[in-house]
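The values are calculated or read from the model by the stated rules, or taken from the named source; none is laboratory data. This one's a predicted model, so the numbers in the text were calculated from it and none came from an experiment. Using ideal geometry, Cβ is built from the backbone for each residue, glycine included, and neighbour counts are taken over all protein chains shown. Ligands, DNA and RNA are stripped out before the accessible areas are found, and what is left, the full protein with its side chains, is counted by its heavy atoms. Shrake-Rupley method; radii C 1.70, N 1.55, O 1.52, S 1.80 Å.
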Amino acid sequence: MISDLLSATVIIGIISSGIRLTTPYLFASIGEMFGQRSGVLNLGVEGQMLLGSFVAFYVTLKTSNLWLGLLAAMGVGALMGLAMAFVTVNLHATQGISGIGFYLFGMGMSNLLFQKLVGTVEGVRGFQKISVPLLGKIPVIGEIFFNHNALVYLAFLLVPVAWFVLNKTTLGLKIRAVGENPEAADSLGVSVAGIRYLTVIMGGVFSGIAGASLSVALLNVFQQNMTAGQGFIAVALVYFGSWKPFGILGGALLFSMVNALQLWIQVLGIPIPAELAVMMPYILTLLVLTLSVSKGRGPSALTKVFEREG
Amino acid sequence: MKKVFTLVSVLLVVAMFLGACAQTPEAESPATGGETSEPLRIAVVSPSSINDLAFTQSISDALIVLKAEMGDDLEYAFTENMFVVDDAAAAIRDYATKGYDIVIAHGSQYGSSVQEIAPDFPETVFAWGTTVDTFGLPNVHAYEAASDQGGYVNGVMAGMLTKSKIIGVVGPIETGDAKLYVDGFVAGVKSVDPSIDVRVTYIGSFSDVALAAEAATTHIAAGADILTGSAQMVVGAIGKAEEAGLYWFGTQANQNAFAPKTVVASQVYHWEVILREIISLHAAGIMGGHTFSATLQNGGQVITINPEIELSEEIKTKVEEVIAGINDGSIVIPKP
């Protein structure tokens with residue numbers, strides 16, 4: 001039975017499922033990473049995703065314009081990011097608690113709007129699969145890597161771009177400085193509040209896209225509470241990935257592939273109880289997290305309020 | 001000053017969230033006009049939302065039917081999204097305090113809450129589902145759906161339609177109504193041809209639409225040509241069946257219109273059948289102690305075949321035979 005897992009169909013299935021499941025995590029985690037690198041922990045990702053997911057779905061349903069739907073999700077994510085930044089940067093509210101507040105807001109609001117504006121579960125025509133010219137034709141490889149919708153490619157493209165911005169640009173340097181030593185950054189004329197506003201709003205935008213990747217690209221439907229905790233996994237993945245884009249990519253892929261693997265284990269009837277199978281991705285992630293030798297150190301000023309002295 | 005401002009704004013934000021979460025859109029305004037008799041007042045507390053195309057929608061639809069029948073003689077209130085059991089308990093107690101005649105706790109997870117609250121309100125009828133346990137309390141009814149019956153009928157159709165002889169099931173958590181449906185479905189398929197491979201996956205969640213969709217994709221990649229599943233997260237799986245041009249069998253609420261070329265038939269719950277019995281018992285002064293089951297025979301569940309899908313006469317006849325057989329007891333659905 002176990003040997004059934006080594007067939008080409010299964011391996012292709014696991015990798016392509018894994019890539020699809022990874023997509024929302026990448027958007028949400030990379031966005032969250034920028035916020036955390038500047039010192040703001042946003043636990044409201046799940047709420048931003050839910051609202052982004054609904055708005056993208058609704059705008060697409062009404063206008064049949066996917067890009068408009070995506071833009072609307074980015075907008076609503078940005079607004080929620082703006083509110084989060086205001087509450088934590090200006091009002092100095094505890095980041096953890098405010099994040100939970102925004103999560104509840106996003107969940108309640110998306111549900112309310114869904115009932116008032118849509119009323120029943122409906123489908124929508126979302127982003128279609130694009131086969132990359134030439135590459136998409138390669139047997140096996142093409143099927144696994146080059147036959148996805150636009151948002152999947154965007155998510156994976158985001159990883160090196162985020163790495164570049166964070167490590168090779170002045171903006172990235174400012175973000176890191178604000179997250180490590182805001183007093184020093186401030187004394188050098190970097191606006192701590194400005195940078196934190198920027199990263200938290202950016203995080204909201206990416207969370208909005210993460211939600212949209214579910215409702216108008218991967219699933220093409222909206223259902224209440226459909227993110228099912230993915231926003232919280234996304235926050236965990238930032239820690240798992242040691243606040244580095246490629247670390248996050250690795251963590252997201254590991255979690256998603258094991259999730260895909262456990263589905264195959266159940267489908268092939270390998271005698272492992274379903275309850276145990278669904279726990280596999282969580283257990284493995286925890287194991288890797290505890291056993292990994294190079295334990296990353298988080299940004300020093302993470303969750304700390306910055307107040308200018310004097 | 002700043003601290004106060006912070007506190008106030010945080011509180012305002014939180015209050016807004018709670019307002020958004022705990023709204024009761026189905027609250028009916030009291031009957032007006034020259035009514036002499038008091039209307040019957042029913043309240044429902046349910047875990048997901050009234051348009052989930054599954055469990056909560058089924059009870060909401062039942063109340064809409066009753067309201068249409070009874071008009072001003074019925075007044076009802078609905079509190080949805082009570083997935084947190086403590087919140088549900090507060091809502092149940094609140095309705096009882098407000099003097100509702102019948103309080104329906106529509107979720108098997110609400111059992112201990114009902115057990116605790118019911119003795120405090122001997123004048124209120126509590127109906128709890130889906131279960132068979134009334135705790136021996138004089139004012140508690142229990143109700144359940146014999147969802148294995150509809151599952152069996154769906155399974156028979158699926159067994160006759162499959163060409164690849166592989167059928168995939170996307171389940172939430174292996175418990176309660178979902179497990180009963182899945183077990184009945186598997187038995188139905190096997191009654192047609194024991195060699196058909198029915199593969200069951202449980203994804204460990206009632207809400208993870210993405211994982212349900214991947215489970216469906218996995219079944220399809222592994223050769224399944226017919227799929228079914230239970231609970232509100234299956235909408236993702238139905239979408240994948242639709243994309244692949246395969247058939248789906250639905251349960252809990254009517255999913256036929258959601259994917260008209262894909263959903264062959266849905267097992268639809270008609271809780272109004274059971275609620276009518278509870279209402280007439282209440283009128284006769286009987287407050288509890290009964291256990292009800294929504295079956296094909298009493299009309300508490302109905303197999304609704306999608307008219308958009310063309311089924312052969314052979315299948316249609318077989319469905320009628322099987323339903324008749326379940327009703328007269330000549331078909332006994334085996335328990336796994």
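The table below gives the values:
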item	result
Candidates B:Val322, B:Val268, B:Val264, filtered to the one that is in a helix (DSSP H, G or I) and open to solvent by less than 30 Å² (accessible area, probe 1.4 Å)	B:Val322
Unmet requirement for B:Pro336, which otherwise passes all of (1) part of a strand (DSSP E or B); (2) farther than 16 Å from B:Leu53 by Cα; (3) in contact with a helix residue (DSSP H, G or I) (Cβ under 6 Å, 6 or more places away or on another chain); (4) not aliphatic (A, V, I, L, M)	(1)
Total residues in segment A:93-143, condition open to solvent by 50 Å² or more (accessible area, probe 1.4 Å), over 30 Å from B:Asp61 (Cβ atoms) and outside any strand (DSSP E or B)	13
Pairs, first within 20 Å of B:Gln232 (Cα to Cα) in segment B:47-74, second assigned to a helix (DSSP H, G or I) and charged (D, E, K, R), C-beta under 6 Å, six or more apart	B:Ala62/B:Glu272
Residue within segment B:242-251 that is more than 7 Å from chain A (Cβ to nearest Cβ), at pLDDT below 95 and closer than 11 Å to A:Leu219 by Cβ present	yes
Residue match in segment B:27-43 (condition: away from chain A (no Cβ under 14 Å), closer than 27 Å to B:Gly229 by Cβ and either in contact with an Asp or Glu (Cβ under 9 Å, 6 or more places away or on another chain) or at pLDDT 90 or above (or both))	no
Among residues of segment B:196-234, those that are part of a loop (DSSP other than H, G, I, E, B), at the interface with chain A (Cβ under 9 Å from one of its Cβ atoms) and open to solvent by 10 Å² or more (accessible area, probe 1.4 Å), counted	7
Within segment A:147-176, tally of residues that are under 24 Å from the mean Cα position of the chain (by Cα) and more than 30 Å from A:Lys62 (Cα to Cα)	17
Per-region count, segment B:281-319, residues in contact with a strand residue (DSSP E or B) (Cβ under 9 Å, 6 or more places away or on another chain), open to solvent by less than 70 Å² (accessible area, probe 1.4 Å) and not in a loop (DSSP other than H, G, I, E, B)	11
Boolean, B:Phe258 is within 11 Å of chain A (Cβ to nearest Cβ) and of a type in the set (Phe, Trp, Tyr)	yes
Test: residue in segment A:44-54 that is within 12 Å of another protein chain (Cβ to nearest Cβ), part of a loop (DSSP other than H, G, I, E, B), more than 19 Å from A:Ala260 (Cβ to Cβ) and among the small types (Gly, Ala, Ser)	yes
Qualifying residue in segment A:287-306 (condition: among the β-branched types (Val, Ile, Thr), part of a helix (DSSP H, G or I) and either touching a Pro at 6+ places or on another chain (Cβ under 6 Å) or buried (at least 22 other Cβ atoms within 10 Å of the Cβ) (or both))	no
Filtered residues of segment B:156-179 (kept if in contact with a strand residue (DSSP E or B) (Cβ under 8 Å, 6 or more places away or on another chain) and not in a strand (DSSP E or B))	B:Met157, B:Ala158, B:Gly159, B:Leu161, B:Thr162, B:Lys165, B:Pro172, B:Ile173, B:Glu174, B:Asp177, B:Ala178, B:Lys179
Residues of segment A:8-33 classified as within 19 Å of A:Ala73 (Cα to Cα) and either surrounded by fewer than 24 Cβ atoms within 10 Å (Cβ to Cβ) or more than 14 Å from chain B (Cβ to nearest Cβ) (or both), total	4
Residues within segment A:165-187 that are open to solvent by 10 Å² or more (accessible area, probe 1.4 Å), assigned to a helix (DSSP H, G or I) and closer than 15 Å to A:Met202 by Cβ, tallied	4
Segment A:104-120 residues that are free of Cβ contacts under 8 Å to residues at least 12 places away in the same chain, paired with ones that are in a helix (DSSP H, G or I) and open to solvent by less than 50 Å² (accessible area, probe 1.4 Å) (beta carbon under 8 Å, 6 or more apart)	A:Gly108/B:Phe17; A:Gly108/B:Gly19; A:Gly108/B:Ala20; A:Gly108/B:Cys21; A:Leu112/B:Ala20
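Residues are listed down the side, and each one gets a yes or a no for (1) within 7 Å of chain B (Cβ to nearest Cβ); (2) touching a Gly at 6+ places or on another chain (Cβ under 9 Å):
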position: A:Met84; (1), (2): no, yes
position: A:Gly106; (1), (2): no, yes
position: A:Val121; (1), (2): yes, no
position: A:Phe127; (1), (2): no, no
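Let's see how each residue does on (1) touching a helix residue (DSSP H, G or I) at 6+ places or on another chain (Cβ under 6 Å); (2) farther than 30 Å from B:Ile238 by Cβ:
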site	(1), (2)
B:Ala43	yes, yes
B:Phe55	no, no
B:Asp73	no, yes
B:Thr79	yes, no
B:Tyr95	no, yes
